[in-house]
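Reviewing the structure listed below.
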Amino acid sequence: MNNKICPVCSSTNLEDCFPDYSGTCIASNFKTVENASLKIKICTECGLIFNSKGIRAEGSNFYLKEKFKPRAALTFFNKSKKVSRTELNFKKLNELVDLNTKRSLLELGAGKGDFLKYFCSKINDWEINALEPNMGQRDLLSINEISKVYQTPYNELDLLPKKFDLIISFSVIEHVNNPLDFLQWQAKHLAEGGTIFIEVPNFSMIPGDFFCIDHLTKMTKYSLENLAIRAGLTIENIVEDKVPLYAALKKDPTKKINTNPYAQNLKIINKNTEICSSFFDSFTDMYLKKNSESKYAIFGCSTLGRMTPKYCNVPLSDIACYIDEDSSHQEKDVFGIPIYNRSAIKKLGITDVFIAVSPLYIDAVIAKLSEENVNLHYPKLS
Ligand SMILES: [Zn+2]
């Protein structure tokens with residue numbers, strides 16, 4: 001595939017963005033991908049922010065590998081209690097879409113069927129369909145409530161004989177090579193009066209998403225609005241809920257003029273570039289002051305936390321451990337560096353902790369760690 005053209009509008013007017021990087025990268029399931037390349041670009045004609053390299057050439061084959069087998073849904077946090085991602089997705093769907101007027105559903109990228117099972121436990125008498133080219137389909141086949149499982153990528157399926165009242169996808173559109181084609185396919189399969197419901201990680205809230213190798217589109221609210229118009233859809237409802245962005249779309253036969261979200265998206269790129277660079281500068285500063293007593297830990301196993309020592313070219317043997325209190329990280333190490341909880345600071349005699357968490361949470365982590373007898377390092381963000 002030609003990586004010099006925009007996958008949505010075929011323009012060759014592309015601008016390079018941060019970071020021009022090759023080496024170890026992180027996938028959306030936090031698995032390591034070696035010898036990968038990031039060539040993030042913004043299209044000046046349609047505003048799309050995309051990785052022209054990454055796993056684009058591999059396409060959906062990337063997800064057929066054993067290590068990308070769908071896992072159980074991750075835990076998500078809100079202020080007071082733990083809420084599973086499935087519960088949160090259902091809650092938002094129920095808030096933004098009138099489910100009383102609909103009866104058939106297709107989930108694209110249904111994984112192991114966690115969402116569909118939850119949906120059927122709340123709502124009865126719907127016709128449930130699932131599409132999942134990945135290994136999760138084995139689990140889907142055993143769920144009684146699902147009447148049909150399509151086992152190929154959406155773009156290898158011809159026009160299906162039926163249309164659906166509701167087509168949903170959670171964290172899928174950012175993975176496909178052409179997000180416009182993905183929406184157009186859905187528009188074709190949407191029944192009259194039907195709704196497309198999408199959840200996507202909101203790039204404007206996740207600076208570290210620059211480094212996520214299989215998020216081929218860095219999706220923003222502005223891009224989604226533009227793609228919707230191009231696909232003959234309109235956005236009925238859109239909610240930015242910290243990291244996830246939720247949108248309900250419906251068909252719109254009126255011809256709208258395409259907007260170009262280039263300027264808004266460029267602002268987001270510049271802000272995220274500044275944030276990532278501040279994190280890396282702060283980490284390098286800490287490392288330059290290294291002495292014989294120094295013992296380093298990195299707080300946070302997000303993509304940013306994982307990429308920091310790699311991007312800054314610091315030997316991994318100089319990091320004693322990662323610290324993370326989010327139980328959704330099911331593995332025990334990052335690049336062979338163990339992940340421990342906070343008590344490791346005292347036990348291992350850590351002298352310096354680098355805080356690598358989203359700017360949304362940084363103040364809370366600083367407050368928590370200030371009880372520990374360590375030097376804290378983090379960027380001063382404006
Ligand atoms: Zn374009």
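Coordinate-derived values only; no laboratory data. Keep in mind it's a predicted model, so treat the numbers as computed, not measured. Please note: Cβ atoms are built from the backbone with ideal geometry, for glycine as well, and neighbour counts cover all protein chains shown.
At a 10 angstrom cut-off on C-beta neighbours, averaged per residue, how do the peptides 287-296, 207-216, 262-271, 331-340 rank from highest to lowest? Write out the running numbers ahead of the final one.
On the way: 287-296: 12.4, 207-216: 24.2, 262-271: 17.3, 331-340: 14.1.
For the peptides 287-296, 207-216, 262-271, 331-340, the packing ranking is 207-216, 262-271, 331-340, 287-296.
How large is the translational diffusion coefficient of the chain in µm² per second when you combine the Kirkwood radius over alpha carbon pairs with Stokes-Einstein at 37 °C and 0.692 mPa s?
On the way: Rh = 21.9 Å.
It diffuses with D of about 150 µm²/s by this estimate.
Tabulate in residue order the Karplus-calculated ³J(HN,Hα) for the range 182-188, using 6.51 cos²θ - 1.76 cosθ + 1.60 with θ = phi - 60°, rounded to whole Hz; enter x for Gly and Pro.
After applying 6.51 cos²θ - 1.76 cosθ + 1.60, I find 4, 5, 5, 4, 5, 4, 5 Hz.
How big is the gap, in Å, between the Cα center of the range 143-163 and the Cα center of the range 19-58?
That distance is 29 Å.
What does the charge count around Leu180 come to, taking other residues whose C-beta lies under 14 Å from its C-beta (Lys +1, Arg +1, Asp -1, Glu -1)?
On the way: positive: Lys188, Arg230; negative: Glu45, Glu174, Asp181, Glu225.
Net charge around Leu180: -2.
Compute, for the chain, the length of the dipole vector about the Cα centre, with Cβ point charges of +1 (Lys, Arg) and -1 (Asp, Glu) only. Units Debye, rounded to 20. Could the numbers behind the result be given before it?
Numbers: 47 positive and 45 negative charges, 34 e Å.
In debye, rounded to 20, the chain gives about 160.
What percent does the relative contact order of the range 183-266 come to when contacts are Cα pairs within less than 8 Å and at least six residues apart? Provide the component values of the computation, followed by the final result.
Numbers: 117 pairs, mean separation 29.6, N = 84.
Taking the mean separation of contacting Cα pairs over the length of the range 183-266, I get 35 percent.
Taking the Cα centre of the range 68-254 as origin, sum charge times position over the Cβ atoms of Lys and Arg (+1) and Asp and Glu (-1), and report the length of that vector in debye to the nearest 20. Could the numbers behind the result be given before it?
Working: 24 positive and 24 negative charges, 93 e Å.
Here the size comes out at about 440 debye.
Given Leu14, Gly59, Ile40, which one lies farthest toward the positive end of the charge dipole of the range 14-60, if we put +1 on the Cβ of every Lys and Arg and -1 on the Cβ of every Asp and Glu?
Selected residue: Gly59.
Report the one residue of Phe283, His189, Leu140 whose Cα lies farthest in the direction of the positive end of the charge dipole of the chain (charges on C-beta: Lys and Arg +1, Asp and Glu -1; origin at the Cα centre).
Final value for the positive-end residue is Leu140.
What is the antiparallel percent of DSSP beta bridges lying wholly in the chain, to the nearest 5?
On the way: 30 of 63 bridges.
Of all bridge pairs located within the chain, approximately 50 percent are antiparallel.
Mind running the shape call on the range 14-60? Use the C-alpha gyration tensor, a ≥ b ≥ c as the square roots of the eigenvalues: rounded below 1.5 for a/c, prolate if a/b tops b/c, oblate otherwise.
prolate
For the range 106-190, just run the numbers: alpha carbon Rg, then divide by 2.2 N^0.38 Å, N being how many residues it has. Let's see the in-between values first.
Working: Rg = 12.2 Å, N = 85, 2.2 N^0.38 = 11.9 Å.
So the range 106-190 has a normalised radius of gyration of 1.03.
Against the longest principal axis of the chain, how steep is helix 85-96, in degrees 0 to 90 to the nearest 10, with axes from Cα atoms?
For helix 85-96, the angle is close to 50 degrees.
Per residue of the range 115-124, in order, report the coupling 6.51 cos²θ - 1.76 cosθ + 1.60 (Karplus, θ = phi - 60°) as ³J(HN,Hα) in whole Hz, putting x for Gly and Pro.
Per residue, the Karplus-derived 3J(HN,Hα) values read 5, 5, 4, 5, 4, 5, 6, 9, 10, 9 Hz.
Dipole of the chain (Lys/Arg Cβ +1, Asp/Glu Cβ -1, origin at the Cα centre): which of Ile167, Ile268, Phe335 lies farthest to the positive side?
Ile167
Quick one: order Val97, Val314 by neighbouring beta-carbon count within 10 Å, fewest to most.
Working: Val97 22, Val314 17.
With the fewest neighbours first, Val97, Val314 line up as Val314, Val97.
Can you bin the range 325-376 into rounded, prolate or oblate? Criterion: square roots of the alpha carbon gyration tensor eigenvalues sorted a ≥ b ≥ c, rounded for a/c under 1.5, prolate for a/b above b/c, oblate for the rest.
Working: a/c = 1.90, a/b = 1.15, b/c = 1.66.
Verdict is oblate for the range 325-376.
Taking the alpha-carbon centroid of each part, what is the distance from the range 230-278 to the range 310-373 in angstrom?
33 Å
By how many degrees, between 0 and 90 and to the nearest 10, does the Cα long axis of helix 221-230 differ from the longest principal axis of the chain?
Roughly 30 degrees, rounded to the nearest 10.
From the backbone phi of the range 8-23, what are the Karplus-calculated ³J(HN,Hα) couplings (6.51 cos²θ - 1.76 cosθ + 1.60, θ = phi - 60°) in whole Hz, Gly and Pro given as x?
Karplus-based 3J(HN,Hα) across the range 8-23 equals 8, 10, 6, 5, 9, 8, 10, 10, 6, 10, 5, x, 8, 9, 10, x Hz.
Sort 194-200, 83-89 by packing, meaning the average of other beta carbons within 10 Å per residue, with the highest value first.
Highest-to-lowest ranking by the protection proxy: 194-200, 83-89.
With a sphere of radius 12 Å drawn around the Cβ of Arg230, what net charge do the other residues whose Cβ falls strictly inside it have (Lys, Arg +1; Asp, Glu -1)?
Numbers: positive: Lys255, Lys256; negative: Glu45, Asp181, Glu225, Asp252.
Net charge around Arg230: -2.
Find out how many positive minus negative residues lie around Met219, taking Lys and Arg as positive, Asp and Glu as negative, among other residues whose Cβ is under 12 Å from that of Met219.
Around Met219, the surrounding residues sum to -3.
Could you tell me which of the pairs Lys102/Lys221; Lys290/Lys347; Lys242/Lys267; Lys346/Lys380; Lys112/Lys218 are separated by over 23 angstrom between their Cα atoms in the structure shown?
Values: Lys102/Lys221 26 Å; Lys290/Lys347 20 Å; Lys242/Lys267 18 Å; Lys346/Lys380 26 Å; Lys112/Lys218 25 Å.
Exceeds cut-off: Lys102/Lys221; Lys346/Lys380; Lys112/Lys218.
Quick one: give the max-minus-min coordinate of the C-alpha atoms of the range 287-377 along each principal axis, largest first, in Å.
Here the spans come out as 33, 28, 24 Å, largest first.
With the Cα gyration tensor of the range 136-282 giving a ≥ b ≥ c as the square roots of its eigenvalues, does the rule (a/c under 1.5 for rounded; else a/b larger than b/c for prolate; else oblate) give rounded, prolate or oblate? All intermediate terms of the calculation are to be shown ahead of the outcome.
Numbers: a/c = 2.39, a/b = 1.45, b/c = 1.64.
Oblate, since a/c reaches 1.5 and b/c is not below a/b.
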